[in-house]
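Undergrad: Input: one structure, supplied below.
Read-outs throughout are calculated quantities, based only on the coordinates presented, and are distinct from any laboratory measurement. Note that the structure is predicted; figures quoted are calculated from it, not measured. Positions of Cβ are generated from backbone atoms using ideal geometry, with glycine treated the same way; all protein chains shown enter the neighbour counts.
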Amino acid sequence: MVGCHTPHSPGMNQRITLQPSGLAFDVHSDETILAAAIRQGVGLPYGCKDGACGSCKSRLLAGRVLHGAHQLKALTAAEEDAGLVLTCCATPQGDCTLEARSVPGVGEFPVLKMPTRVLAMERAAPDVALLRLQLPANQRFQYHAGQYIEFILKDGVRRSYSMANAPTRLGNPPAIELHIRHMPGGVFTDHVFGAMKDKDILRMEGPFGSFLLRESSRPIVLLASGTGLAPVKALIEQLQDSGDPRPVALYWGCRSRRDLYLHDWATETAAAWPQLRYVPVLSEPKPDDAWRGRSGFVHRALMADLPDLSGHQVYACGAPAMVDAAQRDLVALCGLPADHFFADAFTSEADKHA
């Protein structure tokens, strides 16, 4: 690693300085850089917090860190040798300097632990449930469109889900909307699709995540796969409610027609909001789907329609394979500037422990 300070004695704080912003914050002994940043409201980019997605990758300019368990696809040995670190699982061994893009708005709202009550459940597809969860009246839960909450389950197990409604659309009583896909054998989703009922109480913490709209005049492309539509839906509602004038294209990829669980919502939103263009794409349409729309990989459909993305912003959310392929191909083949690609890879427990 580049440049090495003498490690502090155990129990002392380490000082992290971010470049180019010059912002500095302290990290407790045995605390990761990202955990300290979240605790203090510092806007670092991140996604899964589990060393699986690579969203928090930053460059170590000075100092030394120790990495906890992480996936090689999130940080390869060559990248680590070149001075890159994953802040979500990097523990500083002394004062460090990082090159990291700050994310305006991340950390603006306090991270709260709170109970939430199931207001309504709707089965939008055989394996997708839409949950509306009532927010407690005695705590003001604030978030940005694109962020997520974590459910705190027994034994401290956590599961993450993105808000699918913009904070301007909480309703009365105030509630957040979540899109939950059933993962058979999953400790939480088996409960949602089996025993959960209206008025059940769940414990959650948030908001988390840096998948936020960035201020720009560039046209926006929203790229979603499966329930990756959830935070993208919240971004669309924020764009509508703020009167943002930019053109917006939504490309939503699913396997078959039944997986387009909010197709009517997307079609109606595009009809009512002319600056939105909606393109559904099926990777494995069934014969009885009678599908006349686009097929194949969703990011390939985008590339066919917009071969030059040099002037755009792209927000991608969904399966890690889609996010990774989109980032690689859109930057390499369509001229998308790497710093105008923003992503939230939905890493399942199976992905994290692969």
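Undergrad: Give, in whole angstrom and from largest to smallest, the semi-axes √(5λ) of the equivalent ellipsoid of segment 92-133, with λ running over the eigenvalues of the Cα gyration tensor.
TA: Value: 38, 16, 12 Å, ordered largest first.
Undergrad: When a/c reaches 1.5 or more, the comparison of a/b and b/c decides; with that in mind, is segment 279-354 rounded, prolate or oblate per its Cα gyration tensor?
TA: Oblate shape, in that a/c is at least 1.5 and b/c is the bigger or equal ratio.
Undergrad: Something else: Please list, short to long, the whole-number percent of alpha-carbon pairs of segment 137-227 in consecutive 10 angstrom bins beginning at zero.
TA: Using 10 Å bins, I get a P(r) of 13, 42, 33, 10, 2 for segment 137-227.
Undergrad: Once you sort the root eigenvalues of the Cα gyration tensor of segment 175-242 as a ≥ b ≥ c, which label holds: rounded (a/c under 1.5), prolate (a/b larger than b/c) or oblate (the other case)?
TA: Prolate, since a/c reaches 1.5 and a/b exceeds b/c.
Undergrad: Sequence neighbours fewer than 8 away in the same chain don't count; with that in mind, list the aspartates and glutamates whose C-alpha is under 15 Å from K49.
TA: Once the sequence-local aspartates and glutamates are set aside, what remains near K49 is E31, E150, E205, D344, E349, D351.
Undergrad: Then there is this: Run a plain Debye calculation on segment 48-109 (Cα atoms as equal point scatterers, no solvent) and give log10 I(q)/I(0) at q = 0.19 Å⁻¹, rounded to two decimals, same order as the q list.
TA: -0.69
Undergrad: Here's something else I'd like to know. Once Rh is set to the Kirkwood radius over Cα pairs, what Stokes-Einstein translational diffusion coefficient, in µm²/s, holds for segment 103-172 at a temperature of 20 °C and a viscosity of 1.002 mPa s?
TA: Estimated diffusion coefficient is 155 µm²/s.
Undergrad: Now for a different question. So what is the relative contact order of the chain, in percent, for Cα pairs below 8 Å that sit 6 or more residues apart?
TA: Answer for the chain is 14 percent.
Undergrad: Send over the semi-axes of the chain's equivalent ellipsoid, whole angstrom and largest first, taken as the square roots of 5 times the C-alpha gyration tensor eigenvalues.
TA: Semi-axes, largest first: 33, 25, 19 Å.
Undergrad: Report the equivalent ellipsoid semi-axes for segment 1-150 in whole Å, largest first, defined as the square roots of five times the eigenvalues of the gyration tensor built from alpha carbon atoms.
TA: 33, 19, 13
Undergrad: Here's another thing I want to ask about it. Report, in degrees rounded to the nearest 10, the 0 to 90 angle that the Cα long axis of helix 263-272 makes with the longest principal axis of the chain.
TA: 90 degrees
Undergrad: Something else now. Given the DSSP H assignment, sum -39500 (n - 2.57) over each helix run of at least 4 residues in the chain and divide by its residue total; what's the result at 222 nm in deg cm²/dmol, nearest 500?
TA: -5500 deg cm²/dmol
Undergrad: Here is a follow-up. Among K49, K199, K113, rank each residue by its count of other Cβ atoms within 10 Å, from fewest to most, as a rough exposure measure.
TA: With the fewest neighbours first, K49, K199, K113 line up as K199, K113, K49.
Undergrad: Which residue, L239, S217, T267, has the largest displacement toward the positive end of the dipole of segment 209-292 when charges sit on each Cβ (Lys, Arg +1; Asp, Glu -1)?
TA: Sorting the options by dipole projection puts first S217.
Undergrad: May I pose another question? Per Stokes-Einstein, at 4 °C and 1.567 mPa s, what whole-number D in µm² s⁻¹ belongs to segment 240-307, with the Kirkwood radius over Cα pairs as the hydrodynamic radius?
TA: Once the numbers are plugged in, D ends up at 101 µm²/s.
Undergrad: Also, I was wondering about something else. Based on the Kirkwood radius over alpha-carbon pairs, what value in µm²/s does the Stokes-Einstein equation return for the translational diffusion coefficient of segment 9-83 at 37 °C and 0.692 mPa s?
TA: Answer from the Stokes-Einstein relation: 246 µm²/s.
Undergrad: Taking the Cβ of L250 as the center, what net charge do the other residues with Cβ under 10 Å away carry, scoring Lys and Arg +1 and Asp and Glu -1?
TA: Every neighbour counted, the sum reads +2.
Undergrad: Could you please report the charge total around W291, scoring K, R as +1 and D, E as -1 over all other residues with beta-carbon less than 14 angstrom from its beta-carbon?
TA: +2
Undergrad: Over all directions, how big on average is the projection of the convex hull of the alpha-carbon atoms in segment 161-282, in square nanometres?
TA: Average of the hull's projected areas for segment 161-282 equals 8.9 nm².
Undergrad: No solvent, one uniform scatterer per C-alpha: report log10 I(q)/I(0) for segment 207-336 via the Debye equation at q = 0.10, 0.18 1/Å, two decimals.
TA: Each listed q maps to, in turn, -0.30, -1.00.
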